[in-house]
Amino acid sequence: MERIDTYKHKGMRKKLVDTLRSKGIKNERVLEAFDNVPRHFFMESGFVQFAYKDQAFPIGNDQTISQPYTVAVQTELIDPQKHEKILEVGTGSGYQTAILLEMGAKVYSIERYRELYLKAKSLLNDMKYHPYLFYGDGYKGQPAYAPYDKILVTAGASEIPKALFEQLKVGGSMVIPLGGRSGQEMTVVKKTGEDEKEEFHHGSFIFVPMVKGKDTNNNH
Ligand code: SAH
């Protein structure tokens, strides 16, 4: 599929970056990544014209591409550095994955819907990004590549998944929205020892829920 990034798209992206700045995003490296990644490539065809609105949109399988502000907050909190190993749970459209890659991180990302996994894989590959993508259950993490410097969960979880905490380096941190279905608290979990952690809260958000097990209903 041909994907075109026009001056008009670039202009709308600059406005989106201004919006993110006005909402409190300060990290210039994060803002630069938002300026560089064409969000309209990650949208379902019916919603492409809304790609630069600061809103979440459907991407199929009852899931959403997160609101840019939410992606920006999570990215600022995870603060990706070049060559860091970051595990993302919830690839979805692959937009957050692209932002992390754009900032130079080595990204491992898991998605429980095969269809979304395949779509993100083909798009990111076309865009010449090189993430390690997996179709599986993010509750289990990806032990074969552990430990990770950082872990980013992009779905709402009721608690910190044990396997994810285990796969995090001591000294590393996890960004995870914690709470019930109606809303979650953005939480940074710092792993201070093998069995020790500190938690910091960064405001309320609403994510689609993190669901146990990979989806096996759609085997295309
Ligand atoms: N970062 C994505 C967010 C998509 S929404 C984007 O902006 O496009 C969250 C994603 O998490 C959904 O695609 C959902 O299917 C996925 N998800 C939920 N529970 C999961 C689990 N246990 N393992 C892997 N992915 C999961």
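Translational diffusion coefficient of segment 124-220 at 4 °C, 1.567 mPa s, Stokes-Einstein with Kirkwood Rh over Cα pairs, in µm²/s as a whole number. This corresponds to a translational diffusion coefficient of 89 µm²/s. Note on the chain: Cα-only Rg and Dmax are 16.3, 50 Å. Of the GluC sites (Glu not before Pro) found in segment 92-159, those in coil by DSSP whose Cβ has at most 11 other Cβ atoms within 10 Å are GLU159. The mean sequence distance of close C-alpha pairs (under 8 Å, at least 6 residues apart), as a share of the length of segment 1-116, puts its relative contact order at 23 percent.
For segment 162-208, the calculated P(r), taken from all Cα-Cα distances in 10 Å bins from zero up to the bin holding the longest distance, is 29, 46, 25, 1 percent. Within segment 165-220, the GluC sites (Glu not before Pro) that combine a DSSP coil assignment with at most 14 other C-beta atoms in a 10 angstrom radius are GLU194. Would you kindly calculate the translational diffusion coefficient of segment 107-150, applying Stokes-Einstein with the Kirkwood radius from alpha carbon pairs, for 37 °C and a viscosity of 0.692 mPa s, and quote it in µm² s⁻¹ without decimals? In µm²/s, the coefficient rounds to 297. In units of the rule-of-thumb radius 2.2 N^0.38 Å, segment 52-112 shows an alpha carbon radius of gyration of 1.10. Working note: 222 nm ellipticity from helices only, DSSP H runs with n ≥ 4, each -39,500 (n - 2.57), summed and divided by the residues of the chain, gives -8500 deg cm²/dmol to the nearest 500. Roughly to the nearest percent, how much of the accessible area of the chain is carbon and sulfur, given a 1.4 Å probe? Ligands and nucleic acids excluded, carbon and sulfur reach 50 percent. A simple spin-label model places the labels of GLN55 and LYS169 4.1 nm from each other, with each point 7 Å out along Cα-to-Cβ.
Against the chain, whose longest principal axis is taken from its Cα atoms, helix 68-78 shows a tilt of about 40°.
The simple spin-label model puts a point 7 Å past each Cα toward its Cβ; for LYS15 and GLU194 those points are separated by 5.5 nm. Computed over segment 1-113, the Cα gyration tensor eigenvalues convert (square root of 5λ each) into semi-axes of 20, 18, 13 Å, ordered from largest to smallest. Size of segment 65-151: Rg and Dmax of its alpha carbons, in Å, are 11.8, 32.
If R0 is 25 Å, the Cβ-Cβ spacing of HIS130 and ASP5 corresponds to a FRET efficiency of close to 0.80.
The values are calculated or read from the model by the stated rules, or taken from the named source; none is laboratory data. Just so it is clear, the model here is predicted, and its values are computed rather than measured. Counting neighbours? That spans all protein chains shown, and the Cβs are built from the backbone with ideal geometry, glycine included. SASA here: full protein model, heavy atoms, side chains in, ligands and nucleic acids out. Shrake-Rupley method; radii C 1.70, N 1.55, O 1.52, S 1.80 Å.
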